[in-house]
Amino acid sequence: MGADDTKLEDLVRWREGLVSGEIFVDPGIHRQETERVFPRAWNYLVHESQLRQPGDFVTTFIGADPVLVARQRDGSIAAMLNSCRHRGMAVCRADAGHSRAFTCPFHGWTYDEAGRLINVPNLENGYRGQLDTGAWGLTPVPRVEGYKGLVFATFSPDAPSLVDYLGEMAWYLDCLLDRREGGTEVTGGVHKIRMHGNWKLIAEQFAGDNYHAGITHASAASALAPVTADPAGATDPISADPVPTGRAMRFTTAMARPGRQFSHRQGHGVAGFFTSDKALTGGLRQMARDQAVVADYYEATDVEVTNRLGAERAKGPSGTAGLVFPTFIYLAGVFGASTIGVAHPVGPEHFELWRWCLVDAAAPPEVKAAMVRCHAVWPLGLADADDGENWSAVQAALQGPMARRQLFNYQMGMGLAGPDPVYPGTVSPEPIGEEPQRAFYRRWLEYMTSPDSWPEVVAD
Amino acid sequence: MSATLDALALRLSIEEFLYLEAELLDDHRYDDWLALLADDIHYWAPTQANRLRRDRGREASAPGEVALFDDDKTTLGWRVRQMGVVTHWAEDPPSRTRHLVSNIRIAPGEAAGEYAVRSNFLCYRNRLRDEVDLWAGERHDVLRRVGEDGGTDGPGWLIARRAITLDQNVVLSKNLSVFF
Ligand code: FES
Ligand SMILES: [Fe+2]
């Protein structure tokens, strides 16, 4: 099936809260995404702390395109296609490292960390010295900009600046990125996991789907709830409310706690619960040694963070999950670990979830170490296992033509979003709902139906 | 001669223990599996990066960096408890797994009664209609003898430490709801 624009508008009827399963499986639609969405949007590349010295590099992707990102001699960060200008081979096949020269394994063209072509074997006898090496550097990703440690890039000449693209989303991100003087860093190591499922399934989930957590993650919450000799003494690990039956969680009740959702016209979203002091440290402290260390740290830094961000923000809805369109995701302080990540599409059927542990740079080493261990146990382990099952089961079910032509229901909380007295942007009054998901697909449709350039945001 | 017999007896005892462990995992007897782990266990599986040649030897994430598993007995207890929760969809219906353990190498450990045991593993998982995962790797264990003569009623050993090299860069399964 081709992905013509009228058809796409039938598949994504965001005003009515209807989205067709076709958009998760159709190869033509996916091909169009790799051409119209990813090269034009601001894509997350790297955290600045991963590139400390000139020559430090990482390899990653912008959508389907392989990208090499390197710290430059002048301290800036440059990104370029990781694909040799001679025949296209990847010039760097390490995930990360330090190098001032990248030699293509095929015929040996060599590029420096800025992507300039600095050596060509047989330049004299083969090319008779006629090759204009200045014209054959690696293809640059022309725009690379950062926000408080996060580095994004776009191929689009017409996209707004990163800060304008983020808009009010930056206010929410600060809850993750600007808690303390010195900002954040990522710890060494990264989780990379190949998921069976279309990339939009995880993107929309981080934009707004708190709803799933009550059921999908009930087993994780049950496993974490402390088992005490006196069942009446057990508490919910999230809300710190008493749990009458030991570890039998009332997780759907937990989903009825207060919070907000934020949705942005650029497709970003935040969905979160308000965090009480009790929940911030009480439940966490009871879990295990590492979570107790993190709880103590949150408590010790509470005044500083509140002074910086304000109480509404510090304990507001951004303390759960969010998405920067199209694929940057975060989890803030969930079960002792803050996680940033990116979901790279791998064809229509798979995505790769890359996740780093984000810590305050100013945190003491033992706190960072505890957070790293929380990261190993929680996001990949207890939580992702059940998320992965959802995505693969959705993807498998949508292989049939009748199943994938169904219009799915994205109608929760329709008509509820608007201005909020405290929280900036378009805000829904509940922590669960589907306004950010509708905004995500509205924006996705605008990219997909814009043939030539970055799609302007039109006023309602 | 008797030294050889002792070494053989030790090998048999360790092999039997590792096969028992594999059986408990494949039979989903996770609580019994947990009982094979020492209270002070560190169960660790670093990630495996692709590196430049000059960085050979630095593929595995370092201690203190992000790992696939970085667990003590408490957090392993959570994972085991999750296996038993009715809403653990990743294991409902349960996966079929087969742990194959081979290439067992035994060296004296650092403490008395402890042995440094290396083994290779291949773990096959099949679940639902047609989902297949295959994980290969190596384990560096510290096995601790329990009891004077190798223990009486129990299997005679506890796993005091396990470091797992999982031979994958990107984890190619949708989860690691499995123990190696
Ligand atoms: S493909 Fe890179 S040198 Fe030929
Ligand atoms: Fe989830």
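The values are calculated or read from the model by the stated rules, or taken from the named source; none is laboratory data. These numbers come from a predicted model, not from an experiment. Positions of Cβ are generated from backbone atoms using ideal geometry, with glycine treated the same way; all protein chains shown enter the neighbour counts.
A few remarks follow.
- Residues located in the range A:117-144, provided they are β-branched (Val, Ile, Thr), part of a loop (DSSP other than H, G, I, E, B) and touching a residue at least 40 places away in the same chain (Cβ under 8 Å): A:Thr139, A:Val141
- All conditions in (1) in contact with a strand residue (DSSP E or B) (Cβ under 9 Å, 6 or more places away or on another chain); (2) modelled with pLDDT under 95; (3) more than 10 Å from chain B (Cβ to nearest Cβ) hold for A:Gly333, with the sole exception of (1).
- Restricting attention to the range B:50-67, the residues being within 18 Å of the chain's Cα centre (by Cα) and closer than 12 Å to A:Arg373 by Cβ number 2.
- Filter result for A:Gln32 (assigned to a loop (DSSP other than H, G, I, E, B) and either away from ligand 2 (no atom under 16 Å from the Cβ) or free of Cβ contacts under 8 Å to residues at least 24 places away in the same chain (or both)): no
- Hits in the range B:17-70 - residues which are touching a Lys or Arg at 6+ places or on another chain (Cβ under 7 Å) and not in a strand (DSSP E or B): B:Asp26, B:Asn50, B:Arg51, B:Arg58, B:Glu59
- Some residue of the range A:425-443 being in contact with a Gly (Cβ under 7 Å, 6 or more places away or on another chain), surrounded by fewer than 17 Cβ atoms within 10 Å (Cβ to Cβ), touching a residue at least 40 places away in the same chain (Cβ under 8 Å) and assigned to a loop (DSSP other than H, G, I, E, B): no
- Those residues of the range A:36-45 which are among the basic types (Lys, Arg) and in a loop (DSSP other than H, G, I, E, B), in sequence order: A:Arg40
- Entirely in the range A:328-396, the strands (runs of 3 or more DSSP E) that have 1 or more residues that are more than 17 Å from A:Ala213 (Cβ to Cβ) and either within 16 Å of ligand 1 (Cβ to nearest atom) or of a type in the set (A, V, I, L, M) (or both): A:337-346, A:350-360
- Among (1) within 16 Å of ligand 2 (Cβ to nearest atom); (2) touching a helix residue (DSSP H, G or I) at 6+ places or on another chain (Cβ under 8 Å); (3) more than 30 Å from A:Ala295 (Cβ to Cβ) - the single one A:Pro436 does not satisfy: (3)
- Checking the range B:132-140 against the condition returns a match, with at least one residue being touching a residue at least 40 places away in the same chain (Cβ under 8 Å), of a type in the set (Asp, Glu), within 14 Å of chain A (Cβ to nearest Cβ) and surrounded by fewer than 21 Cβ atoms within 10 Å (Cβ to Cβ).
- Screening A:Trp109 against (1) within 16 Å of ligand 1 (Cβ to nearest atom); (2) surrounded by fewer than 15 Cβ atoms within 10 Å (Cβ to Cβ) leaves a single unmet condition, (2).
- Some residue of the range A:372-393 being surrounded by fewer than 19 Cβ atoms within 10 Å (Cβ to Cβ) and within 16 Å of ligand 2 (Cβ to nearest atom): yes
- Apart from one condition, B:Glu59 fits all of (1) crowded, with 17+ Cβ neighbours inside 10 Å; (2) facing another protein chain (nearest Cβ under 10 Å); (3) modelled with pLDDT of 95 or more; the exception is (1).
- Residue match in the range A:143-157 (condition: over 29 Å from A:Phe102 (Cα atoms) and polar (S, T, N, Q)): no
- Matching residues in the range B:84-95 - criterion: being assigned to a helix (DSSP H, G or I) and crowded, with 22+ Cβ neighbours inside 10 Å: B:Ala90
- Given (1) closer than 27 Å to B:Glu65 by Cα; (2) of a type outside the set (Val, Ile, Thr); (3) under 15 Å from the mean Cα position of the chain (by Cα), index of the condition B:His99 fails: (1)
- Residue match in the range A:371-386 (condition: within 14 Å of chain B (Cβ to nearest Cβ) and of a type in the set (Phe, Trp, Tyr)): yes
- Test for A:Ile193: is it of a type outside the set (Phe, Trp, Tyr), within 14 Å of chain B (Cβ to nearest Cβ) and surrounded by fewer than 21 Cβ atoms within 10 Å (Cβ to Cβ): no
- For the range A:1-13, a residue qualifies if it is modelled with pLDDT of 95 or more and either surrounded by 20 or more Cβ atoms within 10 Å (Cβ to Cβ) or charged (D, E, K, R) (or both), and the qualifying residues are A:Glu9, A:Asp10, A:Leu11, A:Val12, A:Arg13.
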